[in-house]
Structure formats: structure tokens, C-alpha cells
1. Kindly express, to the nearest 10 degrees and within the range 0 to 90, the angle between helix 177-206's C-alpha long axis and the longest C-alpha principal axis of the chain.
2. Would you be so kind as to identify which of Asn14, Leu105, Val118 lies farthest towards the positive end of the dipole of the chain, taking Lys and Arg as +1 and Asp and Glu as -1 on Cβ and the Cα centre as origin?
3. Kindly write out, for region 111-117 in residue order, the coupling ³J(HN,Hα) from the Karplus curve 6.51 cos²θ - 1.76 cosθ + 1.60 (θ = phi - 60°), rounded to whole Hz, with x marking Gly and Pro.
4. Restricting to Cα atoms and excluding each atom paired with itself, what does the Kirkwood estimate give for the chain in Å?
5. Run down the lysines and flag those whose C-alpha is under 20 Å from the C-alpha of Lys196, throwing out any fewer than 8 positions away in its chain.
6. In nanometres, what is the gap between the two model label sites at Leu115 and Lys167, each 7 Å from Cα along Cα-to-Cβ?
7. How far is helix 152-163 tilted, in degrees, relative to the longest principal axis of the Cα atoms in the chain, given as a value from 0 to 90 rounded to the nearest 10?
8. Pick from Lys196, Lys45, Lys150 the residue whose mean-square fluctuation is largest in a GNM of the chain, springs joining Cα atoms under 10 Å.
Amino acid sequence: MDAQTFWAVIGAYNQQTWAFQIPLLAFLLGMMVLSYTKKVPWAAKCALGILHLFIAAVFFAGFGELPIQRLFALPLFLACGLLFLYECRHNSADVLRPPTLPQALLLLLYFLYPLCSVLLGNTFPELVTHIMPCPAVSLGIALYSGYSRKNRLLLALLTLWGLTGVKSLLFRAYEDLILLLCGLYGLCLLAREFRKTDLNRRYGRRR
């Protein structure tokens with residue numbers, strides 16, 4: 001896929017789905033508030049699950065034309081959506097903690113995604129919005145990192161897509177450097193999770 005095709009897909013998606021993107025973003029914000037205020041701890045994970053399933057079904061199944069979109073991106077977002085919903089039920093009592101400084105920065109960058117796209121010279125409909133694959137994963141990593149119990153497969157899939165932010169240089173989508181930052185943060189979280197497991201094993205053996 002070249003840069004022209006990349007932006008053409010984004011343009012077609014935005015033109016045909018903007019009326020759905022607005023209520024979905026409002027839903028996301030409302031569910032985030034419910035989780036951060038501890039009224040419904042699992043709400044953010046539920047919203048992320050729905051968001052990723054929406055991206056899989058609408059963006060990639062509806063507008064994806066290349067094999068990499070249908071055979072790699074679509075299953076990845078479908079798996080992330082289902083895993084978020086699984087975590088929503090399996091770890092429903094896990095509380096979303098107030099964001100640390102890195103998490104707050106990543107959340108801020110997520111909300112600045114469209115503004116960054118505008119500052120880079122893009123205009124609607126060929127503009128990166130909040131309800132698109134890369135911002136969705138950025139939000140997924142930033143929010144999910146605030147939960148103490150993490151599904152390592154889910155975190156690995158989010159991180160894998162996050163690291164594809166390197167493509168920002170190929171498609172002149174420099175706003176996706178935000179995605180790359182989130183992917184690198186996800187890599188740190190994965191390393192921490194494996195380190196935690198290793199320490200638990202060592203401690204268990206000593207006892």
C-alpha cells in the first residue's frame with residue numbers, strides 16, 4: 001500500500017462513518033469516566049472491546065482491500081475486541097487506577113490525534129480521527145495499562161500493532177508516531193509482566 005491508497009481508504013471511511021464515530025466517541029468517554037470514578041470498574045474495558053470490534057468489522061472488513069488488512073489487521077482487532085470483553089467479565093472487579101504521568105501523557109496524545117493530523121496539513125475526510133485503528137490501539141494501551149491484572153496475549157497484540165507506528169514515515173502519517181510511543185510503552189509493560197512472573201516463580205521456589 002502506498003501513501004495515496006492509505007489516505008484514500010481513510011477518506012472513504014470517514015465520509016461514510018462520521019455519523020457513527022461521534023456517538024461512539026461519546027460512549028467511550030462516558031465509560032472511561034465510569035471506570036476512573038470506580039462506579040463501574042469494567043466499563044472502560046467493555047468500551048475498548050466494542051471499539052476494537054467496530055474497527056475490525058467496519059474499517060478493515062468494510063474498507064480494507066489488501067491481504068494484510070484482511071488477513072492480519074482484521075483478525076488482530078477482532079481478537080483484541082473479544083479479549084477486552086473477556087477481561088471485562090473475567091476481571092470485572094479490577095479497578096482502573098488514576099493515570100501515572102506516562103499514562104496521562106499517552107491519553108493526552110490520543111485526544112490530540114486529530115489536532116496533530118490537522119497541524120500536519122491534513123483535512124477532513126483524509127484526516128486521522130479518534131475512531132480509527134491506530135488511535136484505538138493507542139487508547140487501548142494507555143487505558144489497559146491502568147489495570148493491575150493484565151492479559152498478556154491482549155497486551156502483546158496491542159503492542160504488536162503499536163510498533164507498526166514505524167509506518168508513519170512510509171505513509172507520511174507522522175501523527176502515528178503517537179502510536180509508536182504507545183507501542184514502546186506496551187513493550188515496557190510486557191517486559192514488566194514477564195519479569196513479575198519470573199520473580200513470583202523464584203519467590204515460590206524459595207518458600
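1. 20 degrees
2. Of the listed residues, the answer is Leu105.
3. The phi angles translate into 5, 8, 3, x, 4, 4, 5 Hz.
4. Values: mean 1/r = 0.0575 Å⁻¹.
Over the chain, the inverse of the mean reciprocal pair distance is 17.4 Å.
5. Answer for Lys196, where 20 Å is the Cα cut-off: Lys150, listed by chain and number.
6. 2.7 nm
7. 40 degrees
8. Answer for the Gaussian network model of the chain: Lys196.
The values are calculated or read from the model by the stated rules, or taken from the named source; none is laboratory data. These numbers come from a predicted model, not from an experiment. As a convention, Cβ positions derive from the backbone with ideal geometry for all residues, glycine included, and neighbour counts pool all protein chains shown. Ligands, DNA and RNA are excluded from the accessible area calculation, which covers all protein heavy atoms including side chains. Shrake-Rupley method; radii C 1.70, N 1.55, O 1.52, S 1.80 Å.
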